[in-house]
Amino acid sequence: MNLHEFQGKQILSSYGVRVQRGHVANTAEEAVEAAKKLTEETGTGWHVIKAQIHAGGRGKGGGVKLAKNLDQVKEIAGQIIGMDLITPQTPPQGKRVHKVLVAEDVYYPGESETSEFYMSVLLNRGKGRNMIMYSTEGGMDIEEVAEHTPHLIFTEEVDPAVGLQGFQARKIAFNLGLSGDAFKEMVKFVDCLYKAYVGSDASMFEINPVLKTSDNKIIAVDAKVDLDENSLFRHKDLAEMRDVSEENPIEVEAKAVGLNYVDLDGTVGCMVNGAGLAMATMDLIKYAGFEPANFLDVGGTADAKRVETAFRIILKDPNVKAILINIFGGIVRCDRVAQGVVDAYKNMGDDIKVPIILRLQGTNAELAKQIIDESGMPILSAVQFQEAADQVKAALS
């Protein structure tokens, strides 16, 4: 589950991480009031207006701007709220901005130069350890840094059974070239950041940039956070942070009815029971020369109502030109699935305007094929994988 920047900063702050402070606004007028309140709390004279969407690269798309007075706060917030912000991490049409974060200016003059760093905490699945990735090249796309100057990226692996050790935090601060108060601040920052990552059951915390201010404070200027959905039952407060307006509406609808659905870019819709079979089915579609339009796992039950719901969700994608149903009859009998498909097809009437290929294997597969063949419905049945691939190819050729 992805979070907005302001939500990620709330988590960080609760674990003792120093963050760039700010307030959220839904309108230009609210942004002005947020700026006034922030000035009272922090003394900041300038304000940074930051679009709140689930995507990085907001600054490049015009979603992060500096306001030097309240008139500019209102003007800039009015421009950003309601815009379709296009970044390298959004769909081609961009994402609609519904709110902004009015944040304090932390690049103030002082006794030393400011410095920007990159830091993230994530899981190294290959080694079964948490990993802190960091670089002196903050404020830039880490992918660009990795490609052109990989020697400037450092990693520190942390044994989850032991936790982050003091010497590891000090090593990170040393590799970032810090000394004195900034060194001590960075050690504390790293320790608190790791505790936030573990304590919130996150999949990733990415802070870019981590700022060393002119008075040697270490501040999280941004926060990109991804929480592990499987752990949300332990974090009711974090689960409430979900912003479904930022998610694919079809995926949200599927989740609400208990279907595992992921939207993809192809033209062949998939309806499968079991994640492994779903992956194999997508390979089958690509083998036939096409691209899957979705990943949809109906689970162990596939009665008429569930199949009809799955049909309706798949057909919400206008790119779908055919639907491949691939069911293995283990827990659920194939004849029951076949009858469910026939009943769903009858209930939906003319709503289904694309060819349907149905492959059933397992318990009562022959009976299922008989039900399909005798139904009079324009459903193409298959038994073998290759036969299903050929049926897809024929239907779309």
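With both residues required to sit in the chain, DSSP beta bridges show an antiparallel share near 70%. Averaged over its residues, region 346-388 has an accessible area of 55 Å² per residue, based on protein heavy atoms and a 1.4 Å probe.
Mind checking which lysines have their Cα closer than 18 Å to the Cα of residue 393? Skip sequence neighbours fewer than 8 apart in that chain. Hits, sequence-local ones excluded: 286, 321, 353. For the peptides 234-242, 48-56, 22-30, the ranking by mean Cβ contacts within 10 Å, running from highest to lowest, is 48-56, 22-30, 234-242.
A protection proxy built from the mean count of other Cβ atoms within 10 Å ranks the segments 125-138, 374-387, most packed first, as 125-138, 374-387. Leaving out ligands and nucleic acids, note down the accessible area per residue over region 26-98 with a 1.4 angstrom probe, in whole Å². For region 26-98, the per-residue accessible area is 51 Å².
Under 11 Å from a point 7 Å along the Cα-to-Cβ line of residue 154: which residues of region 178-216 have their amide N that close? Only 178-179, 187 pass the distance filter. Taking each DSSP H run with n ≥ 4 as -39500 (n - 2.57) and averaging over every residue of the chain yields -11000 deg cm²/dmol at 222 nm.
Volume of the convex hull of the chain (Cα atoms only), normalised per residue: 167 Å³. Here the Karplus curve 6.51 cos²θ - 1.76 cosθ + 1.60, taken at θ = phi - 60°, turns the phi angles of region 262-275 into couplings of 10, 7, 10, 9, x, 10, 10, x, 10, 9, 9, 10, x, 5 Hz, with x standing for Gly and Pro.
For region 286-297, the Karplus equation 6.51 cos²θ - 1.76 cosθ + 1.60, evaluated at θ = phi - 60°, returns couplings of 5, 4, 7, x, 10, 10, x, 8, 6, 10, 9, 10 Hz by residue, with Gly and Pro reported as x. Region 72-102 and region 153-185 have Cα centres lying 36 Å from one another.
Roughly how many percent of the accessible protein surface of the chain is carbon and sulfur, given a 1.4 Å probe and a whole-percent answer? With neighbouring chains kept in place, the figure for the chain is 51 percent.
Cross-link pairs exceeding 21 Å in C-alpha to C-alpha distance, out of 74/99; 36/184; 99/236, comprise 36/184; 99/236. GNM remark for the chain: springs join alpha carbons under 10 Å apart, and the peak mean-square fluctuation among 283, 297, 226 falls on 283.
How large is the accessible surface per residue of region 168-288, computed with a 1.4 Å probe and reported in Å² as a whole number? Spell out each step's value before the answer.
On the way: 5390 Å² over 121 residues.
Each residue of region 168-288 exposes 45 Å² on average to a 1.4 Å probe.
With Cα atoms defining each centre, region 198-252 and region 1-54 are spaced 14 Å apart in the structure.
The values are calculated or read from the model by the stated rules, or taken from the named source; none is laboratory data. None of the values given here were measured: they were computed from a predicted structure. Using ideal geometry, Cβ is built from the backbone for each residue, glycine included, and neighbour counts are taken over all protein chains shown. Surface areas here come from the heavy atoms of the whole protein model, side chains and all, with no ligands, DNA or RNA. Shrake-Rupley method; radii C 1.70, N 1.55, O 1.52, S 1.80 Å.
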